[in-house]
1. What residues qualify as long-range amide H neighbours of Asp10, i.e. H under 5 Å apart, gap of 5 or more or another chain, H built at 1.01 Å from N?
2. With only Lys, Arg, Asp and Glu charged, each at its Cβ (+1 for the first two, -1 for the last two), find how big the charge dipole of the chain is about the Cα centre; round to the nearest 20 debye.
3. Where does each of 88-99, 222-233 land if you order them by average Cβ count within 10 Å, highest first?
4. May I ask for the distance between the Cα centers of region 207-279 and region 38-58, given as a whole number of Å?
5. Filter the GluC sites (Glu not before Pro) in region 1-59 to those in DSSP coil with at most 15 other Cβ atoms within 10 Å of their Cβ, and list the result.
6. For the chain, give me the percentage of DSSP beta bridges that are antiparallel, rounded to the nearest 5 percent.
7. Once you sort the root eigenvalues of the Cα gyration tensor of region 104-221 as a ≥ b ≥ c, which label holds: rounded (a/c under 1.5), prolate (a/b larger than b/c) or oblate (the other case)?
8. Specify, per residue and in Å³, the volume enclosed by the convex hull of the alpha carbon atoms belonging to region 35-77.
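What follows is calculated from the coordinates using simple rules that are stated; it is not laboratory data. Just so it is clear, the model here is predicted, and its values are computed rather than measured. Glycine also receives a Cβ, built like all others from the backbone with ideal geometry; neighbour counts cover every protein chain displayed.
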Amino acid sequence: MRVLHAVRSDAFAGVESHVARLACAQVAAGDEVVVIGGDPDRMAAAVEGAARLVPARTVAEVVRAVRHWQRGADIVHAHMTAAEIACATALLGSSTPLVVTRHFARVRGSNPASTLAATAAATRVSAQMAISDYVARSIGGVSTVIHPGVLSTASTIPASERRPVVLVAQRLEAEKETEVAMTAFARSGLAGRGWRLELAGGGAERERLEALAGRLGIAPSTDFLGHRGDVTQLMRRASVLLAPCRVEGLGLTVLEAMAEALPVVAVAAGGHLETVGSVPGAALHPAGDADAAGSLLAELARDPAARDAYGAALQRAQRERFTPEHQALETAAVYREVI
């Protein structure tokens, strides 16, 4: 099958990473794939030559690229609203099917103009996919839920070989609720036992969160690492991941932690219920409840054997249900339905 993915972007974050992983899995399954959009250098590193890459920073550039490359495509697959609008525009008069993946638990458009354009573009869509049941329930319309996948690791690092570090890996923005994770760490008492809190990610909230660390008394035990390109390595060394954001569509960071057999304490909301929550006895806490999160964290910290067992269960769940190969297989079934 000849597949054309499009995202209006010159960045490389969760959606672009999603596209790159899916494209590689599709190529491995025998498809020919072109990817429009994404940071050229980072996308090239992610696909490692598997797919043809076409830069597209603006909607107009996506329109031009889709008009050119769709001539040989069996399917056009758009990601996020801007690309959906661009693809619908480029495909006017064409019979090539357009499918979309919805990545976020919100309606199309960020303002009245984009909402109007997105509503019109949606009439051209042949099939809609959502990355989780949570997203599907939030966006309206008929969706096929296809969970994203991440690469599985070949080994498991036991608790005895990990550092006493609690990791938070996310953007430091208000919707991520990083303050819940920091408060949980403070109330767990782990700072007094020599544990450290590492915050990997940048954002507008950093200065406020640095002040909060001081007020909570954990500043000497907290490391603000900024944006990092080695989050996987940080996960391999850490002992627990905290995931406090209640509005994650799915949470690729959590899936990556599961792949590394890293125990996860997550909020019982959003896509976490479908990833961490798929494991019996998962360490889930009510949204915004730092006391409950801190108690779960303290329990795991006291029991290395429990951390190993929990991490292994999370890793098994990832290997069974959240792989790029499984994602590509289910995506291909949607493609076949609309072609």
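1. Long-range HN contacts for Asp10: Gly38.
2. Working: 34 positive and 35 negative charges, 62 e Å.
Its charge dipole is roughly 300 debye.
3. On the way: 88-99: 17.4, 222-233: 14.3.
Highest mean packing first, the order is 88-99, 222-233.
4. Cα centres, region 207-279 to region 38-58: 27 Å.
5. On the way: sites: Glu16, Glu32, Glu48; in loops: Glu48.
Here the sparse-neighbourhood loop sites are Glu48.
6. Values: 2 of 41 bridges.
Bridges in the chain are about 5 percent antiparallel.
7. Values: a/c = 3.65, a/b = 1.80, b/c = 2.03.
Since a/c reaches 1.5 but b/c is at least a/b, the shape of region 104-221 is classed as oblate.
8. Working: hull volume 2.9 nm³, N = 43.
Hull volume over Cα atoms, normalised by residue count, gives 68 Å³.
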